[in-house]
Amino acid sequence: MLVVMKNDATDEQVQAVINHIEKMGFRGIPIPGVLRTAVCIIGNQGYVDDSQLLSLDGVKEALRVTKPYKLVSRETHPQPSTFSIGGVTIGGPNPVIMAGPCAVENEEQALTIARLVKQQGAQVYRGGAYKPRTSPYSFQGLGQEGLKILAKVREETGLLIVTEATDVENIELVEQYADIIQIGARNMQNFALLKRAGHTNKPVLLKRGLAATIEELLMSAEYIMSEGNSRVILCERGIRTFADTTRSTLDISAIPSIKEVSHLPVVVDPSHAAGKREYVVPLSRAAMAVGADGLIVEVHNDPPHSISDGRQSLYPEQFATLMREIKGIRFGL
Ligand code: PEP
Ligand code: MN
């Protein structure tokens, strides 16, 4: 429920509403707007009796929010969210391009790729130090050594770093090195990790689960936001369908669907969706054309020898083509 205050409501009246909500056993989060403030009630499982709230001074009306998510919703924040991370604006007029290998393999590989993607105009470097792998026998990532290499990449190239925290144990270390913390598809409903990510001061890139609905993705973002971290970037990375020519099916409709109901920025990962490098450039063009706020793409200097996801990693020349071809085809919604 949203308690909408009158235009001339005082700060004391807003506070009295918050206090009353707390007495009801919920939390009240003030959302200042241009004309008036609204107080969002969170923590209620179902029906909230608004009769006493409506009688408080300064209250204009109480709106029932039918969707189960609130903080991610445009109803609480009508304008798209934009936030600046180390001088790079996400959710603004220019798309943000995140590129790099699937995994950090060694310093030379990481730096070589970083220089290549930086030269083509990427602003953020991606690379996993902790890798969620289907098989326990596959390369699991370099761990802290990988994070240290990522710090060198940032130092040398000025690129921001997005890298994945795979559990509540390693997020503490990841947040010390990363500029953006990634939560992977397989962890989209790891609620302990989501809550912990709500307490970090770094933005979070939340990937859609392999079989998650849009509502489930938004509810996961709500977990992070309800713990106090409002800087969440959503990522469409393909879902599992019966289509068998790609690794996953890029749900291109997810971008306008999310943007209709949520103010959060949305980026697209065409690499994990496609699973094949030859589809990555066309899917990137499509993502831009439906209004994605950016891309996260796998690029490798030597894809055939990549330790993970070589088949979907772009050759540097293909990444240059991608950067050229997406220019000018981004439409806002
Ligand atoms: C990744 O981006 O490195 C990754 C593992 O992706 P996803 O979680 O989308 O499978
Ligand atoms: Mn990968």
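The values are calculated or read from the model by the stated rules, or taken from the named source; none is laboratory data. Predicted, not measured: the structure shown is a model, and the values here were computed from it. Every residue, glycine among them, receives a Cβ derived from its backbone with ideal geometry; neighbour counts consider all protein chains shown. Calculation scope for accessible area: heavy atoms of the full protein, side chains included, ligands and nucleic acids excluded. Shrake-Rupley method; radii C 1.70, N 1.55, O 1.52, S 1.80 Å.
Here are a few things to note about the model shown:
- Residue selected from the range 180-208 under the condition surrounded by 18 or more Cβ atoms within 10 Å (Cβ to Cβ) and in a helix (DSSP H, G or I), by the criterion farthest from ligand 1 (Cβ to nearest atom): Arg196
- Qualifying residue in the range 155-168 (condition: more than 23 Å from the chain's Cα centre (by Cα) and either within 16 Å of ligand 2 (Cβ to nearest atom) or assigned to a strand (DSSP E or B) (or both)): no
- Scanning the range 283-308 for residues that are within 16 Å of ligand 1 (Cβ to nearest atom) and touching a helix residue (DSSP H, G or I) at 6+ places or on another chain (Cβ under 7 Å) gives Leu283, Ser284, Ala287, Ala292, Leu295, Val297, Glu298, Val299, His300, Pro303.
- Of the residues making up the range 56-63, one or more are touching a residue at least 40 places away in the same chain (Cβ under 8 Å) and touching a Ser or Thr at 6+ places or on another chain (Cβ under 8 Å).
- Residue satisfying all of: in the range 94-141; under 17 Å from the mean Cα position of the chain (by Cα) and open to solvent by 40 Å² or more (accessible area, probe 1.4 Å); farthest from ligand 2 (Cβ to nearest atom) among these: Asn94
- Residue in the range 11-31 that is open to solvent by 70 Å² or more (accessible area, probe 1.4 Å) and either under 30 Å from Leu150 (Cβ atoms) or in a loop (DSSP other than H, G, I, E, B) (or both) present: no
- Here the condition is being closer than 17 Å to Ile329 by Cα, in contact (Cβ under 8 Å) with a residue 24 or more places away in the chain and over 16 Å from the mean Cα position of the chain (by Cα); of Ser306, Ser284, Ser248, it holds for Ser284 alone.
- So Arg240, is it over 29 Å from Arg115 (Cβ atoms) and within 12 Å of ligand 1 (Cβ to nearest atom): yes
- Some residue of the range 271-278 being hydrophobic (A, V, I, L, M, F, W, C) and out of contact with any Gly (no Cβ under 8 Å at 6 or more places or on another chain): no
- Segments classed as helices (runs of 4 or more DSSP H), wholly inside the range 209-283, with at least 2 members that are modelled with pLDDT of 95 or more and open to solvent by 10 Å² or more (accessible area, probe 1.4 Å): 214-226, 254-261
- Screening the candidates Glu216, Glu227 for the property of being among the acidic types (Asp, Glu) and within 16 Å of ligand 1 (Cβ to nearest atom) yields one hit, Glu216.
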